[in-house]
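The values are calculated or read from the model by the stated rules, or taken from the named source; none is laboratory data. Note that the coordinates shown come from a computational prediction; the quantities given were computed from them, not determined experimentally. Glycine also receives a Cβ, built like all others from the backbone with ideal geometry; neighbour counts cover every protein chain displayed. Please note that ligands, DNA and RNA were not included when accessible areas were found on the heavy atoms of the full protein model with its side chains. Shrake-Rupley method; radii C 1.70, N 1.55, O 1.52, S 1.80 Å.
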Amino acid sequence: MAEDRDIVEEETEAAADSDYRLERDQVQPALDAVEAGDAQALIDALDPLHPADIADLLEQVDDDTRTRLVQLYGREFDGDILSELDESIREDVIEVLHPEVLADAVRELETDDVVDLLEDLDEPQQEAILKSLEAADRVAVQQSLSYPEYSAGRLMQREMVVAPEHWTVGEIIDFMRGAEELPDQFYHVILVDPRMRPTGYVTLGRIMSSARTVPLAEITEDSFRTIPVLQEEGDVAYAFNQYHIISAPVVDEDDRLVGVITIDDAMAILDEEHEEDILRLAGVGESSLSDRVMETVRGRFPWLAVNLVTAILASLVIDQFEHVIAGFVALAVLMPIVASMGGNAGTQSLTVAVRALATRDLTSSNVMRVIRREATVGLINGVVFAVAMGIVGALWFGTPMLGVVIGIAMVINLVIAGLAGVLIPVVLDKLGVDPALASGAFVTTVTDVVGFFAFLGLAGAVLL
């Protein structure tokens, strides 16, 4: 039975993986159709795919194949594909699309998706897309673009369902049934006072399960909260995640309703911020597999240059102890171990601290407790590995004091690594510098310099 269960679990996991990943048998018919120039075969191959999967396909092929595919797909090109595309190739795809196809594709999108599309385009392309929109949509998009980048005003959509706060369930149902146009997807009906200020919202489920005579004001949700139009989008995403919000009305400086933000947009921002943090911790900034060679070089070069400077600084420390290394060559063999252990320990603390800062779990109220914890962890790990390396060093080179020296140096460096991994991102955050972007170089420098200085300094004092 246990074996059967294991087999079922493995098959289920394999099926789950294949369900959400483009397989060769899905991609190859589309590529064959492009190669043959067969538009109908391409349409047939792409028709079963979700727009997100078609976007993945466009991101995975080379520039020439992508161009031919877009041109051959023609009027079947869906606006949702544009919104799913990576920003690094979206502009290239738009340039290839016929103006009429682009106009039809953009008209299908919600205003927030159009704004997201326009943000990264050149002015001529922006103008072409804006001209393709209906007058009301064009005004809404232009108003959203007038708000600062990365603000709630850029994130919100104008399509929403609004009702006076004195309406009943029956009145809102009749209104929605008689409306010529409603948002494709919405979760709440927003209630407003006579001055267009949101006073609450009601879920569609509560509306459909209540009697027609029930006032909407009596079935509003406790989760209601408004989002200032100028609030930074990272704060918006945090609020959605923290308070389990499905949608939230956006208000201007006078608390009047100007739009709504839904959970899909908020979670997309949260995912983007997490991805940026991971990339920045690795010193590659905003990078993707679709980037061209020179774009990738420009993104990575500055941080490699910073790393070179920090490496030179560590080398200068080593240079000060040249006579010590010359007098005891075994130090050159063991020296990288101390620095490497400190670097790994520092990176562990740094990753935890940067993540905690991003989720706002690390605050001024608990920072000292976290620092003490990381120092204690570093001390315990340092003692354990110090004993191990002390024994190895003594047996390897036949010098018991060498084992003592590397053991003490390792304890010092792991404690400092734990402290640096928390203190450096916290200080950078206080100074307004992105801790994910800048902390790595500083932590590595500290652990290298302290590790070399402690090890070689102790060796010079004890062994020579």
Is it true that Arg256 is open to solvent by 80 Å² or more (accessible area, probe 1.4 Å) and either modelled with pLDDT of 95 or more or aliphatic (A, V, I, L, M) (or both)? yes
Could you please give the count of residues in segment 111-126 that are part of a helix (DSSP H, G or I), open to solvent by 50 Å² or more (accessible area, probe 1.4 Å) and more than 10 Å from Glu87 (Cβ to Cβ)? 2
Report whether or not Val333 is buried (at least 18 other Cβ atoms within 10 Å of the Cβ) and hydrophobic (A, V, I, L, M, F, W, C). no
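Yes or no, residue by residue, for (1) crowded, with 16+ Cβ neighbours inside 10 Å; (2) closer than 28 Å to Asp116 by Cα:
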site: Asp32; (1), (2): no, no
site: Ile43; (1), (2): yes, yes
site: Asp53; (1), (2): yes, yes
site: Asp63; (1), (2): no, yes
site: Thr67; (1), (2): yes, yes
What's the number of the condition Ile261 fails, among (1) within 22 Å of the chain's Cα centre (by Cα); (2) at pLDDT below 85? (2)
Name the pairs: first residue in segment 356-379 and part of a helix (DSSP H, G or I), second residue open to solvent by less than 30 Å² (accessible area, probe 1.4 Å) and small (Gly, Ala, Ser), Cβ to Cβ under 7 Å, at least 6 apart or on different chains? Glu374/Ser349; Glu374/Gly418; Glu374/Gly421; Ala375/Gly418; Val377/Gly418; Gly378/Ala345; Gly378/Ala417; Gly378/Gly418
Criterion (of a type in the set (A, V, I, L, M, F, W, C) and at pLDDT below 70) met by exactly one of Leu281, Leu334, Leu270: Leu281
Tally of residues being closer than 10 Å to Ala375 by Cβ and either touching a strand residue (DSSP E or B) at 6+ places or on another chain (Cβ under 6 Å) or open to solvent by 30 Å² or more (accessible area, probe 1.4 Å) (or both) across segment 411-422: 3
Which residues, taken from segment 44-70, are of a type in the set (Val, Ile, Thr), assigned to a helix (DSSP H, G or I) and closer than 15 Å to Leu85 by Cα? Ile54, Thr67, Val70
Which members of segment 96-106 meet the condition of being part of a helix (DSSP H, G or I) and surrounded by 14 or more Cβ atoms within 10 Å (Cβ to Cβ)? Val96, Val101, Leu102, Ala103, Asp104, Ala105, Val106
Residues in segment 336-365 that are surrounded by fewer than 18 Cβ atoms within 10 Å (Cβ to Cβ), polar (S, T, N, Q) and closer than 15 Å to Ile424 by Cα: how many? 3
Any chance Tyr150 is hydroxyl-bearing (Ser, Thr, Tyr) and in contact with a Gly (Cβ under 8 Å, 6 or more places away or on another chain): yes
